[in-house]
Each structure stands twice: as structure tokens, then as C-alpha cells.
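Heads up, the thing below is written out as C-alpha cells.
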Amino acid sequence: MISTVFTSRKSKAIAIWCGVLLLVLCFHFYVSYQRVELPGIGRSLYGDNYRDPPPYNQAGDAKTIKRPTGPKQTTPPAGPKQLYTPPKNEEKKQRFPKALIVGTGKCGTRALIDYLNMHPYVTIAKREMHFFDRDENWSRGYNWYKSQMPRSYSNQMTIEKSPSYVEHPRTPSAVRRMSKDTYILWVVKDPVVRLMSVMALQDENSNLRHAYLEYSRDGKLQIRKEYYPLWRGEYVIHLRRWLRYFPLAQIHVLDGTDLVKDPVTQIQQVESFLQLPPLLGPRNFYFNASKGFYCMVPFSTTTPQCLGSSKGRKHPVINDTVKTMLYDFFRPYNEQFFKLLGKRFNWEPKERV
Ligand code: A3P
């Protein structure tokens, strides 16, 4: 009789459907019993306490989590604490600088160190130490120099600047003795523009404003070659000395005029040279049209901070004859400098210097 029932086509179909239903039910009960959950759905593979890290953006700060209700949230400026994590179980201590801004004075050394100070991984010496170039400081020894440095963590970079390190004959070898891994930062400028920056410091009516000029025996106006501010602008002489102690790859030379015009690009190149996390960007600079210079906007604030009134002075105007004399004087030094450096800067006569 059974065989008669199953031989009919209708009964066969019913039997297959019952079988499939039974299998589905069995699988469902098995899954519920084992509490198997797939990654991404329900319980995480890594246990209940695991949370995915917050999404990372270029500024290194966590993106704010969108809240479904309530008033629209505005993202506050990321504070240094969000961007910087000190190493665990470590005390801050005084350390030698890992990078030095060695010069040249009047080329933008203050701007460079203050810009870098916005970087959460950087700590700066609070004043120019002049350790390597001034005998009274040099005689106090390396430990004294270290004792003048700010306290920092091991993953931070201490930076000091003294704008005449670059010319002092002792500095390259003495810096190498401190650490052969020191990063050297050097801001230069068209030496004629730099000279006018020095001249701007002199009283308008003072003879010193023209101290770079003299009359020859036969009464011709000429450049006073031994004048110290001119020598400071003969950059090739100084670079040659540094290259006896440091490879060129360890010396980053930037044009101070580029730093004035485009601080973002310049500071990002410096960040990369110093192997710092790329954190500084357009958010940190605000162009102050009345000053004609960029001001800083550190991560902790939205209020721009400008350099003092001693930076960005009006330069004296020089006549075309004197200008030509000065450019002719510096040109051979500049050419040798570019050759040694392997890059050129645009240091040709300008309307205003
Ligand atoms: P001037 O005052 O001749 O214009 P240093 O700090 O090495 O003494 O360099 C001073 C120069 O820094 C100034 O020279 C100015 O051109 C330059 N500078 C660069 N960035 C600046 C900024 N953001 N604000 C003011 N001066 C700046």
C-alpha cells in the first residue's frame, strides 16, 4: 500500500518539499544554538570590547562621529593633545636638539622656527642659544647647552636656532660632535635683498646705511668687499665648510622669499625633510593683508598670531647703478652656490629689493 502511495507523482513532490523544509529548520536551530555570528554583523570577531579605530585623516585627528539628533555640531580646532601621543611610561627630559636652524640672519629664521613650533611633535629652545658661535657659551660645555633645552619626550624633536651658526668656523665640526645625525636647516635669501634687510635696521639718515659702499683711490664708487654683512651673503663659502662635516642630503636649504610667499609648501617640505608626521597645512596660516605677511594659526586656537614689528620692515630704496653693482658682486658667489647645492633660486635684479 505504501508503495502505491509513493508511486503517485503528487505524493513524491510533497515528500521532497517536506524534506527541504526539515533541512531548513534543522539548519536554523543549529545556527541559533551555536550563536554563530558573521564578522560585521552582530558580535565582532575580536570580542565584545574591541572597537574599530576612528577613521584617520591627513591631519591625524579623529573625524567627529555624526550624531543622529540634536543641533548640528561644528568641529572644534584639533588641539595638540589630539594630534600628539606621548610614549607610554616616559618622563619628559632635556635633550640635545635634533635639528638646528643655522642661519642666515634676516632671511626668515624667526618665521621658520615659529612655524615649526606649531607642529605638535616639535619643541623649540625659547631663545637663541649661540652655543657654538660665542666663546662665552661654548666654554660652558655641551652639558650646559643641553641644560638650556626644553623638556621633551623621546618622540618629539627639539629645535634650536641661532642665525649666525652657519658662518662660524667652529660650528659644523662642533655640531657633528654633538650628533652626526643632526638635521641642518638653512634659510637663505637673495643676498642683495638680505643686505637691504640689514640696512633697514640702520637709521635712515645714518652713514651706516651705505656702509657697503666706498670710494676707490681714483674716486670711483665701489663695493666694500670686506664688509661683514656682504660676507654673510657669500653663501657658497659657508656651504663648503659645512660639506666637510655633513652630507648635502642632511642640509635643507630654503629660500626665505619662498617662505614669505608660500609658507605652506615650504613648511611641508621641511616637515618631510625632518621626517615629522605631515600635520601642518593651510589651516595653520592666515594671510594678513595689512601686514603683507602670513600669520600663524596654531592648532590650539583660531586666532592668528603674527611675528613682531621688527620683522617685515620697509627696505631702503637703492638706485639702479648701486643695484647693478651689488648684483654683479654677488652673481659669481650665487652661481657657485647653486652648482654646489644642485638647485637654483631666482636671484636676479628686482624692481624692489
Ligand atoms: P624684513 O624685516 O627685512 O622684511 P630673521 O627672522 O631671520 O631676522 O628674518 C627676518 C625676515 O623674515 C623679515 O625681513 C621678513 O622678510 C621675513 N619673514 C618671513 N616670514 C615672515 C612673516 N610671516 N612675518 C614677518 N616677516 C617674515
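Scan segment 201-215 and tell me whether some residue there is aromatic (Phe, Trp, Tyr), at pLDDT 95 or above and within 15 Å of the ligand (Cβ to nearest atom). Checking segment 201-215: not a single residue is aromatic (Phe, Trp, Tyr), at pLDDT 95 or above and within 15 Å of the ligand (Cβ to nearest atom). When residues in segment 91-107 are screened for being touching a helix residue (DSSP H, G or I) at 6+ places or on another chain (Cβ under 8 Å) and more than 22 Å from PHE273 (Cα to Cα), 2 of them pass.
Set side by side, the residues GLU351, GLU335 differ, and just one is acidic (Asp, Glu) and either surrounded by 15 or more Cβ atoms within 10 Å (Cβ to Cβ) or assigned to a helix (DSSP H, G or I) (or both), which is GLU335.
Restricting attention to segment 259-296, and to residues there that are assigned to a loop (DSSP other than H, G, I, E, B) and free of Cβ contacts under 8 Å to residues at least 60 places away in the same chain, which single residue is least open to solvent (accessible area, probe 1.4 Å)?
GLY292
Sort out which residues of segment 226-254 are within 16 Å of the ligand (Cβ to nearest atom), open to solvent by 10 Å² or more (accessible area, probe 1.4 Å) and in contact with an Asp or Glu (Cβ under 8 Å, 6 or more places away or on another chain), and write them in order of number. Listed by number, the list holds a single entry, ARG232. How about segment 111-136: which of its residues are over 27 Å from PRO277 (Cα atoms), away from the ligand (no atom under 16 Å from the Cβ) and either in contact with a strand residue (DSSP E or B) (Cβ under 6 Å, 6 or more places away or on another chain) or of a type in the set (D, E, K, R) (or both)? Matches in segment 111-136: ARG134, ASP135, GLU136. Taking the listed residues SER179, SER139, SER152, SER162, the one that is among the polar types (S, T, N, Q) and within 16 Å of the ligand (Cβ to nearest atom) is SER162, with no other qualifying. Filtering segment 297-329 to residues that are part of a loop (DSSP other than H, G, I, E, B), away from the ligand (no atom under 16 Å from the Cβ) and open to solvent by 80 Å² or more (accessible area, probe 1.4 Å) leaves SER300, THR302, ASN319.
Criterion applied to VAL253, VAL193 was being in contact with a Ser or Thr (Cβ under 8 Å, 6 or more places away or on another chain) and either modelled with pLDDT under 95 or hydrophobic (A, V, I, L, M, F, W, C) (or both), and the one residue passing it is VAL193. Against the conditions (1) more than 16 Å from VAL193 (Cα to Cα); (2) without any contact (Cβ under 8 Å) to a residue 40 or more places away in the chain; (3) within 16 Å of the ligand (Cβ to nearest atom), PRO332 satisfies every one except (3).
The values are calculated or read from the model by the stated rules, or taken from the named source; none is laboratory data. What you see is a predicted model, and the numbers here were worked out from it, not measured in a lab. So basically every Cβ, Gly included, is an ideal-geometry build from the backbone, and we count neighbours across all protein chains shown. Just so you know, the surface numbers come from the protein's heavy atoms only, side chains and all, with ligands and any DNA or RNA stripped out. Shrake-Rupley method; radii C 1.70, N 1.55, O 1.52, S 1.80 Å.
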